[in-house]
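Following: one structure in C-alpha cells, then a few remarks.
We did not get these values from a lab; they are worked out from the coordinates using the rules stated. Please read these numbers as outputs of a predicted model, since none were measured by experiment. Because the Cβ atoms are built from the backbone with ideal geometry, glycine has one as well, and the counts that use them run over all protein chains shown.
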Amino acid sequence: MKILYFCSRWGMEHLPPAELCQKVKDAGYDGIETSLPDDEVEAKELLMAIADHDLQWIGQHWDTVTPDAGQHITEFEQRLRMMAAARPLFITSHTGRDIFSFEQNIDLLELARRISKETGVSIIHETHRGKFSFAAHLTVPYLQRSPWLRLTLDISHWFCVAESYLADQAPAVELAIQHTDHIHARVGYKNGPQVPDPRSPEWEEVLNAHLKIWDKVLKLRKQEGYAQFTITPEFGPWPYMHLTPFTDTPLSDQWELNAHMMKLLKYRYANL
C-alpha cells in the first residue's frame with residue numbers, strides 16, 4: 001500500500017502559491033491539503049501552481065460555521081460544490097456543529113453524500129471539536145446510522161475533549177478506525193489539541209498513543225486491499241502553537257514539526 005503525504009497550507013497562506021508549492025515539493029510531500037480562496041483569480045493561481053509542480057491536492061472545507069441551521073446548509077452546499085468543481089483528490093470536511101441536533105447534522109452528512117455522488121468527488125468528514133464528530137462516544141450514533149460515512153481521523157481532538165487517551169472508549173475508537181480514509185497526523189494531549197513539540201521526551205507517551213491508533217488504521221486498510229492511503233501532518237500556527245509568554249515567539253517551528261512528522265511516519269511505514 002502506497003502512502004501519500006500532504007502538506008497543510010494552514011499557517012502558510014501568506015506564501016505566494018508558486019513559492020509554497022516549490023517548498024512543498026522540495027520537502028518530499030506528494031501534495032497539498034488546502035481550502036480554496038474565495039477570489040476566483042487567487043484560486044486559479046493556487047490550482048495552477050499545484051499542477052505546475054506535479055503535486056496532488058486534497059480539498060479542505062472548514063469555513064461553514066454559522067449557527068443558523070438553514071443558512072448553514074445553504075453555505076455548506078455552496079462551498080462543497082465549488083471545491084468539488086475544482087477536482088481535488090477528495091474533500092475532507094469540518095461538518096456540522098456540536099450545537100446542532102442529530103437530525104440537523106444528519107441532513108448535512110446526507111447532503112455531502114449526494115454532492116459526492118453527483119460530482120464523483122469523495123467527501124469525508126473530520127473528527128473535530130465543535131463539529132458533529134467532536135467526541136468519540138457521540139460520533140458512534142452517526143456511524144451506526146450511516147455505515148457509508150467515511151472519516152478523516154484527527155484523534156488529537158478526541159484526546160483533548162475526553163481528557164484521556166480513550167482507553168475506556170476503545171469500542172468507539174475501533175469503530176472510527178473502521179471508517180477512516182485519511183489521517184491528520186497532529187499530536188494532541190489530554191488538555192489541548194497540540195503538544196509544543198512531539199520530539200521532546202516529555203511527550204513520548206502521547207506520541208505513542210497516537211502512533212498506536214494510526215498503526216491500526218493503516219494495518220486495516222492494507223488488509224482490505226487499499227492501493228494507497230493519505231496522511232497530512234497538521235501541526236498548526238498560533239493558537240494551536242504554544243508561544244513564549246508575553247511574546248509572539250512560537251515555542252517551535254511549525255514547518256519543522258510537520259516535516260519531522262512526515263519523516264517519522266515515512267520511516268515507520270516504509271515496509272507497510
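For Ile3, the residues whose amide H sits under 5 Å from its own are Phe229, ignoring neighbours fewer than 5 places away on the same chain, with H placed 1.01 Å from N.
Residues whose amide H lies under 5 Å from that of Phe100, counting only those 5 or more places away or on a different chain, are absent; hydrogens are built 1.01 Å from N in the peptide plane. Close amide-amide hydrogen proximity is noted between Glu33 and Cys7, Ser8, Arg9, Ile58, each under 5 Å apart and 5 or more residues distant or on a separate chain (H modeled in the peptide plane; Pro and chain starts excluded). When all alpha carbon pairs of segment 1-97 are counted in 5 Å bins from zero, the resulting P(r) reads 2, 13, 24, 23, 17, 11, 6, 3, 1 %. When only the Cβ of Lys, Arg, Asp and Glu is charged (+1, +1, -1, -1), the dipole of segment 73-125 relative to its Cα centre reaches about 280 debye.
In nanometres, what is the gap between the two model label sites at Lys212 and Asp98, each 7 Å from Cα along Cα-to-Cβ? Simple spin-label model gives 2.4 nm for this pair. For Leu220 and Asp248, the FRET efficiency from 1/(1 + (r/R0)^6), where r spans their Cβ atoms and R0 equals 45 Å, is about 0.60. Only helices reaching 20 angstrom along their own axis (Cα) with mean Kyte-Doolittle hydropathy no lower than -0.5 count here, and for the DSSP H runs of the chain these are 69-85.
Restricting attention to segment 129-167, which chymotrypsin sites (Phe, Trp or Tyr not before Pro) occupy a DSSP loop and are surrounded by at most 14 other Cβ atoms within 10 Å? Taking segment 129-167 and a limit of 14 other Cβ atoms within 10 Å, the loop chymotrypsin sites (Phe, Trp or Tyr not before Pro) found are Trp148. For the chain, the gyration tensor built on C-alpha atoms gives a rounded shape. Its axis ratio a/c (a ≥ b ≥ c) stays under 1.5.
Run the reach check for Lys2 against aspartates and glutamates, Cα to Cα strictly under 12 Å, same-chain hits fewer than 8 apart removed. What comes back? List returned: Asp30.
In segment 117-215, Cα pairs under 8 Å separated by at least six residues give a relative contact order of 26 percent.
Here the Karplus relation 6.51 cos²θ - 1.76 cosθ + 1.60, evaluated at θ = phi - 60°, turns the backbone of segment 122-132 into coupling constants of 5, 10, 10, 10, 7, 6, 8, 4, x, 10, 4 Hz, with x for every Gly and Pro. What you get for the chain, charging only the Cβ of Lys and Arg (+1) and of Asp and Glu (-1), is a dipole of about 1020 debye around the Cα centre. For the chain, the relative contact order is 17 percent, taking Cα pairs closer than 8 Å that sit 6 or more residues apart in sequence and dividing their mean separation by the residue count. For segment 95-198, the square roots a ≥ b ≥ c of the C-alpha gyration tensor eigenvalues yield an a/c of 1.5 or more together with a/b exceeding b/c, which makes the shape prolate.
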